[in-house]
1. Just the number, please: carbon plus sulfur as a percent of the accessible area of the chain, 1.4 Å probe, no ligands or DNA/RNA counted.
2. Rounded to the nearest 500, what is the chain's calculated 222 nm mean residue ellipticity when only DSSP H runs of at least 4 contribute -39500 (n - 2.57) each, over all residues?
3. Please work out the Cα convex hull volume for the chain and give it in Å³ per residue.
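The values are calculated or read from the model by the stated rules, or taken from the named source; none is laboratory data. Because the structure is predicted, anything quoted here is derived from the model rather than measured. In case anyone asks, the SASA skips ligands and DNA or RNA and just uses the protein heavy atoms, side chains included. Shrake-Rupley method; radii C 1.70, N 1.55, O 1.52, S 1.80 Å.
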Amino acid sequence: MKLTHLGTTSGAGGCPELYETDRDTYVVQGARITDSDALEVLRQRGLPDHETAVEIPKALLHFAKD
């Protein structure tokens, strides 16, 4: 998979970051969700054990292309 960096809202580098792939998808780097209540909701909605969820600021999405 080829990643193309689209942008970040971090002033010092690091997360959050947004990448576009050569597979017509995006990769998001963000803070892992560790809040037990939020994780329970995600699991109820179908989040499998082999996946995780990350939190990003809304401002990061302005780097996404239409």
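1. Reported share for carbon and sulfur atoms: 49 percent.
2. -4000 deg cm²/dmol
3. Given the Cα convex hull of the chain, per-residue volume reads 119 Å³.
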